[in-house]
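The values are calculated or read from the model by the stated rules, or taken from the named source; none is laboratory data. Computed from a prediction, not measured in an experiment: that's the story for all the values here. Quick reminder, even Gly has a Cβ in these numbers, built from the backbone with ideal geometry, and neighbours come from all protein chains shown.
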Amino acid sequence: MSDGASASDPIAIADDHDADTYAARFAAHGRVHIPDFLRADDARRLQEAVARRVRWNRLLIHDGPQTMSGAEWARLTPERRRTVEAEVAAAARVRFAGRFWNLELTDTGEPYAGDIRELVELSRFLNEEPFLAFARIVTGMPAIDMADAQATLYRAGDFLHPHTDTDDTLGKNRLAAYVLNLTPNWKMEWGGLLSFPGPHGHVAESYVPAWNALNLLKVPQNHFVSSVAAFVDTGRYSVTGWLRRR
């Protein structure tokens with residue numbers, strides 16, 4: 001393989017990342033964008049897995065989150081799917097809402113129990129010392145000792161409204177959030193941007209879902225995923241979750 005990795009190697013962080021430089025940016029802004037995070041071939045293997053082999057669930061958020069399997073969603077009549085999406089759209093005009101596809105990988109740091117080997121490897125990587133130590137340095141949070149994870153897919157029309165990731169009622173001890181982007185060749189005009197509201201109703205900053213980039217953000221922090229444009233015919237893939245204290 002081109003970067004010295006083989007398909008049998010564990011997933012690893014790419015060489016030449018300066019965690020102290022990222023830490024300074026994180027301390028200043030409460031978030032940081034890290035390009036080319038994984039070894040290139042590891043990122044490609046993960047992208048192939050999420051794009052071709054995941055059996056996605058449909059997650060709809062309007063009166064609380066509602067999840068159905070992809071098979072259940074497919075069994076709905078086209079009219080019923082349009083009705084459900086219209087309900088989400090109506091909610092989005094007045095309150096918190098969202099819609100996208102997901103697959104839960106790990107909730108408490110245990111390896112993913114499914115049959116996609118690359119995602120089993122990723123769930124382990126996220127909970128092993130090289131990644132956790134890197135995250136502690138960048139965030140300045142020595143209490144981080146685990147990561148949960150889900151794979152996500154945003155298609156045309158999918159979005160997630162502003163939220164802070166606060167977990168006061170969940171007891172999950174979230175310290176920071178992360179997004180590992182696995183979409184090649186995404187364009188900013190397609191939407192699906194990880195965005196941070198600023199003063200006076202403006203957007204302070206947005207991260208395009210750049211290929212093999214890791215985004216880290218302090219919790220709580222207001223952020224949202226902008227709607228993917230209706231003309232987009234590809235998916236926005238990522239693995240996302242929270243860095244937590246047990």
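Does P220 satisfy the condition of being farther than 20 Å from L59 by Cα and out of contact with any Gly (no Cβ under 7 Å at 6 or more places or on another chain)?
For P220, the condition - farther than 20 Å from L59 by Cα and out of contact with any Gly (no Cβ under 7 Å at 6 or more places or on another chain) - is met.
Considering only residues of the range 127-142 that are in contact (Cβ under 8 Å) with a residue 24 or more places away in the chain, of a type outside the set (S, T, N, Q) and in contact with a helix residue (DSSP H, G or I) (Cβ under 8 Å, 6 or more places away or on another chain), which is nearest to M68 (Cα to Cα)?
For the range 127-142, the residue satisfying everything is F131.
Among what's in the range 89-141 and is of a type in the set (D, E, K, R) and not in a loop (DSSP other than H, G, I, E, B), pick the residue that is farthest from K218 (Cα to Cα).
R117
Can you run down the residue pairs with Cβ atoms below 6 Å, 6 or more apart or on separate chains, where the first is in the range 210-230 and touching a residue at least 12 places away in the same chain (Cβ under 8 Å) and the partner is assigned to a loop (DSSP other than H, G, I, E, B) and among the polar types (S, T, N, Q)?
Once the first residue is touching a residue at least 12 places away in the same chain (Cβ under 8 Å) and sits in the range 210-230, its partners that are assigned to a loop (DSSP other than H, G, I, E, B) and among the polar types (S, T, N, Q) give P220/T164; P220/T166; N222/T164.
Condition first: buried (at least 21 other Cβ atoms within 10 Å of the Cβ) and under 22 Å from D145 (Cα atoms). Can you find one or more residues in the range 200-210 that meet it?
Among the residues of the range 200-210, not one is buried (at least 21 other Cβ atoms within 10 Å of the Cβ) and under 22 Å from D145 (Cα atoms), which makes the answer no.
Take the conditions surrounded by fewer than 17 Cβ atoms within 10 Å (Cβ to Cβ) and charged (D, E, K, R) and apply them to D42. Does it pass?
So D42 does not fit the description; no.
Residues that are within 19 Å of the chain's Cα centre (by Cα), aromatic (F, W, Y) and at pLDDT 95 or above: does the range 45-56 have at least one?
Among the residues of the range 45-56, at least one is within 19 Å of the chain's Cα centre (by Cα), aromatic (F, W, Y) and at pLDDT 95 or above, which makes the answer yes.
Please find, within the range 166-186, the residue that is nearest to L46 (Cα to Cα) out of those that are more than 16 Å from the chain's Cα centre (by Cα) and charged (D, E, K, R).
Ranking the candidates gives K172 first.
Which of the residues spanning the range 173-188 are in a loop (DSSP other than H, G, I, E, B), buried (at least 17 other Cβ atoms within 10 Å of the Cβ) and not aliphatic (A, V, I, L, M)?
T183, W186
Which of the residues that make up the range 103-117 are surrounded by 18 or more Cβ atoms within 10 Å (Cβ to Cβ) and over 21 Å from G171 (Cα atoms)?
L103, Y112, I116
Which count do you get for residues in the range 211-233 that are surrounded by fewer than 17 Cβ atoms within 10 Å (Cβ to Cβ) and more than 14 Å from F196 (Cβ to Cβ)?
Looking only at that region, the number is 4.
Could you check the range 226-239 and list, in sequence order, the residues that are among the aromatic types (F, W, Y) and either in a loop (DSSP other than H, G, I, E, B) or touching an Asp or Glu at 6+ places or on another chain (Cβ under 7 Å) (or both)?
Residue satisfying the conditions is F231 alone.
Filter the range 189-225 down to the residues that are in contact with a Phe, Trp or Tyr (Cβ under 9 Å, 6 or more places away or on another chain), assigned to a loop (DSSP other than H, G, I, E, B) and under 30 Å from L132 (Cβ atoms) and list them by number.
Of everything in the range 189-225, those that are in contact with a Phe, Trp or Tyr (Cβ under 9 Å, 6 or more places away or on another chain), assigned to a loop (DSSP other than H, G, I, E, B) and under 30 Å from L132 (Cβ atoms) turn out to be G192, L193, V208, P209, A210, W211, N212, A213, V219, Q221, N222.
When the residues of the range 56-111 are narrowed to those that are aliphatic (A, V, I, L, M) and touching a residue at least 60 places away in the same chain (Cβ under 8 Å), which ends up nearest to S123 (Cα to Cα)?
Within the range 56-111, the match that is nearest to S123 (Cα to Cα) is L105.
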